[in-house]
Amino acid sequence: REPMDPADRREVVGTVETLVRLRGEGRTGEAHVLLVEAAYWPAVRFPLLAAEMQRAGLGADWATLLWEAASLPPERLVAAADALTVAGRADDGEQILRQGVARPAHEIGQAVTGLVGEGRYREVRALLDAYVRVRTPEEAARSAEPAPKTLVPLLLEAARGVSDERHWDLVHALRVAGHTA
């Protein structure tokens, strides 16, 4: 994890000031563009951005920013969730992951396969934990298609971490989808 430097701090504070001004002037379109841009910032900025937006009364804008950040590539999504969680904003970290796993099952499978290929198992576990909690067992089973030998054991491990019932529901869904568990 990279530390926040003074330039990051200035950028965050300046952006929140600009958002307050744009909202005050009724320039909602420009404010939204700024939120979308901020969603793609480095993860290290997210905790301060959350705190500054809350302090400025921009809670609804923070929720919008989290929604926009949910479309980040999986490794950046997990990094943003981690940064928020470490800063004591676990609910925001969980929210961004839940929203981020709303992607199509095949895309989740490809993303997890890529993360495994890079040896990024912590990110794999975080992403799949959120995925099996939010999506149906049938959807989770469909996500195994890109690489069943790799993904089936990982999905089952994540489901086991949720509950015995979720694990057995996923075992059944994987069997129906033609994957032996």
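Label-to-label distance for GLU157 and VAL176 is 2.6 nm, based on points extended 7 Å past Cα in the beta-carbon direction.
Placing unit charges on the Cβ atoms only, positive for Lys and Arg and negative for Asp and Glu, gives the chain a dipole magnitude near 180 debye about its Cα centre. Counting Lys and Arg as +1 and Asp and Glu as -1 over every other residue whose Cβ lies under 14 Å from the Cβ of ASP61, the net charge comes to -2.
Over 26 Å apart: what share of the alpha carbon pairs of the chain falls there, rounded to a whole percent? Cα-Cα pairs of the chain separated by over 26 Å account for 37 percent. Rolling a 1.4 angstrom probe over the protein heavy atoms with all chains in place gives the range 54-181 an accessible area of 49 Å² per residue. GNM on the chain, alpha-carbon springs under 10 angstrom: the most fluctuating residue among ALA79, ALA56, ALA130 is ALA56. For the chain, modelled as a GNM whose springs connect Cα atoms under 10 angstrom apart, the maximal fluctuation among GLU145, GLU17, GLU94 occurs at GLU17. Quotient of the Cα radius of gyration of the range 1-102 and 2.2 N^0.38 Å, N being its number of residues: 1.00.
With a sphere of radius 9 Å drawn around the Cβ of PRO137, what net charge do the other residues whose Cβ falls strictly inside it have (Lys, Arg +1; Asp, Glu -1)? Net of charged neighbours comes to -1.
Quick check: at a probe of 1.4 Å, how many percent of the accessible area of the range 114-181 sits on carbon and sulfur atoms?
About 49 percent, which is the carbon plus sulfur part of the accessible surface.
Counting only protein heavy atoms and a 1.4 Å probe, tell me what percentage of the range 1-89's accessible area is made up of carbon and sulfur. Don't skip to the end; give the middle numbers.
Numbers: 2400 of 4380 Å².
For the range 1-89, the apolar C and S fraction of the accessible surface comes to 55 percent.
Extension gain for ARG27-ASP5 works out to 4.9 nm (0.36 nm per residue, less the C-alpha to C-alpha distance). Eigen-decomposition of the gyration tensor built on the alpha-carbon atoms of the range 121-180 gives equivalent ellipsoid semi-axes of 15, 13, 9 angstrom, largest listed first. Note on GLU138 and VAL116: with the Förster distance fixed at 25 Å, the Cβ-Cβ geometry gives a FRET efficiency of about 0.65.
Backbone geometry of the range 54-67 corresponds, through the Karplus equation with coefficients 6.51, -1.76 and 1.60 at θ = phi - 60°, to 3J(HN,Hα) couplings of 4, 4, 8, x, 9, x, 5, 5, 4, 4, 5, 4, 4, 4 Hz, x marking Gly and Pro.
Our Cα-only numbers for the range 16-55 put the radius of gyration and Dmax at 10.3, 30 Å.
For the chain, set up a GNM with springs between Cα atoms under 10 Å and report which of PRO137, PRO148, PRO73 has the largest fluctuation. It is PRO73.
The values are calculated or read from the model by the stated rules, or taken from the named source; none is laboratory data. Please read all numbers here as calculations on a predicted model, not as lab measurements. In this analysis, Cβ positions are derived from the backbone assuming ideal geometry, glycine residues included, and neighbour counts consider all displayed protein chains. For accessibility, only protein heavy atoms count, side chains too; no ligands or nucleic acids. Shrake-Rupley method; radii C 1.70, N 1.55, O 1.52, S 1.80 Å.
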